[in-house]
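Novice: Take a look at this one; I'll ask things after.
The values are calculated or read from the model by the stated rules, or taken from the named source; none is laboratory data. What you see is a predicted model; the values in this text were computed from it and never measured. Here the Cβ positions follow ideal geometry from the backbone for every residue, glycine too, while neighbour counts run over all protein chains shown. Just so you know, the surface numbers come from the protein's heavy atoms only, side chains and all, with ligands and any DNA or RNA stripped out. Shrake-Rupley method; radii C 1.70, N 1.55, O 1.52, S 1.80 Å.
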Amino acid sequence: MASLSKLPFSERAVAHPHPLAKRLFQLAETKKSNLVISADLTDSKSLLACADSLGPYIAVFKTHVDLVSDFSDETIQKLKELSKKHNFLIFEDRKLVDIGNTVQKQYHGGVLRLSEWADLVNLSVLGGDGIVEALDKTVTAPDFPFPEQRAFLILAEMTSKGSLATGSYTQKCIDIARQFPRSMIGFVATRALGEDQAAEKEDFLVFTTGVNLASKGDKLGQQYQTPASAVERGADFIIAGRGIYASADPVEAAKQYQAEGWSAYLKRVQA
């Protein structure tokens, strides 16, 4: 069986069983962008300005809302409006990790009310598969208000130096994801995962962090790679942060990352 990562997004959209994955593939094709902006900003004004100015060039807007000092219902509403205006998904990088009962409350309730506005949320399986089962039950329950509009990514690998998310942990992430296809649509990882054992029509999306054209790392252990190298290793969507929003001209930087990421994607699927 041919590697699914080598198929065009348009073909993967047709075959993928999850509506949110279909939507993401389709909007990426429409916008010719596989770029995710990691908007690690600390106030609502900056966060929303970033979403508005970079929205036309991205497929996904990734947030860390616990960094936003004045996060509120108004922030949520305006972010949702911008996602519709510019046609991008919202990914909250919450990294949920706790017992199942707790993460259900963190996701569908609590002060952040993630399920109301985040199309994608990521999680860690450090505590076992109970967290995945709990979130799967939440979004597939008959009374869940956003049926088939929400999904999760499992944090299978990290780009920080010395990361312990390797080996048996990463394989466990793949094994657990396969048990819950109604809610787990992919991974945050540095490469394509699971394709060596891929079942028919199994298609995990890969989001790769640590993409930066101007730096190879920072003083706190982050290790960067280019859009081209990330896509070559299997990234479907490249996540860039400071290399864009902290640059002298974020819009021009976003355009450059968009162009290089999409060019690398086209090269991969046309090979």
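Novice: With (1) touching a residue at least 24 places away in the same chain (Cβ under 8 Å); (2) closer than 25 Å to Lys80 by Cβ; (3) assigned to a loop (DSSP other than H, G, I, E, B); (4) open to solvent by 40 Å² or more (accessible area, probe 1.4 Å) as the list, and Ala118 as the residue in question, which single condition is left unmet?
Specialist: For Ala118, the exception is condition (4).
Novice: Taking only pairs six or more apart or across chains, which ones have beta-carbon atoms under 6 Å, a first residue in the range 161-185 that is under 22 Å from Gln223 (Cβ atoms), and a second residue that is hydrophobic (A, V, I, L, M, F, W, C)?
Specialist: Ala165/Met158; Thr170/Ala156; Cys173/Val125; Cys173/Ile154; Cys173/Ala156
Novice: What number of residues in the range 31-63 are over 19 Å from Phe207 (Cα atoms) and either in a loop (DSSP other than H, G, I, E, B) or among the hydroxyl-bearing types (Ser, Thr, Tyr) (or both)?
Specialist: Qualifying residue count for the region: 6.
Novice: Can you tell me which of Asp70, Asp66 is surrounded by fewer than 16 Cβ atoms within 10 Å (Cβ to Cβ) and in a helix (DSSP H, G or I)?
Specialist: Asp66
Novice: Considering the range 243-266 alone, what residues qualify as being without any contact (Cβ under 8 Å) to a residue 24 or more places away in the chain and not small (Gly, Ala, Ser)?
Specialist: Asp249, Glu252, Leu266
Novice: In this structure, is Thr159 within 18 Å of Thr209 (Cα to Cα), of a type in the set (Val, Ile, Thr) and either open to solvent by 50 Å² or more (accessible area, probe 1.4 Å) or at pLDDT below 95 (or both)?
Specialist: So Thr159 fits the description; yes.
Novice: List pairs: first residue in the range 66-89 and closer than 17 Å to Leu54 by Cβ, second residue of a type in the set (Gly, Ala, Ser) and not in a helix (DSSP H, G or I) anywhere in the structure, Cβ distance under 8 angstrom, at least six positions apart or on different chains.
Specialist: Phe88/Ala59; Leu89/Ala59
Novice: While we're looking at this one, here's another question. Being touching a strand residue (DSSP E or B) at 6+ places or on another chain (Cβ under 9 Å), part of a loop (DSSP other than H, G, I, E, B) and within 21 Å of Gly241 (Cβ to Cβ) is the filter here; which residues of the range 147-162 pass it?
Specialist: Selection gives Ala156, Glu157, Met158, Thr159, Lys161.
Novice: Out of (1) open to solvent by less than 10 Å² (accessible area, probe 1.4 Å); (2) among the small types (Gly, Ala, Ser); (3) within 24 Å of Gly243 (Cβ to Cβ), the odd one out for Ala13 is which?
Specialist: Failing condition for Ala13: (3).
Novice: State which residue is farthest from Ser3 (Cα to Cα) when the search covers only the range 169-211 and only residues that are modelled with pLDDT of 95 or more and of a type in the set (Gly, Ala, Ser).
Specialist: Ser183
Novice: Need the failing condition index for Val60 against (1) surrounded by 19 or more Cβ atoms within 10 Å (Cβ to Cβ); (2) touching a Leu at 6+ places or on another chain (Cβ under 6 Å); (3) more than 21 Å from Val231 (Cβ to Cβ), just the number.
Specialist: (3)
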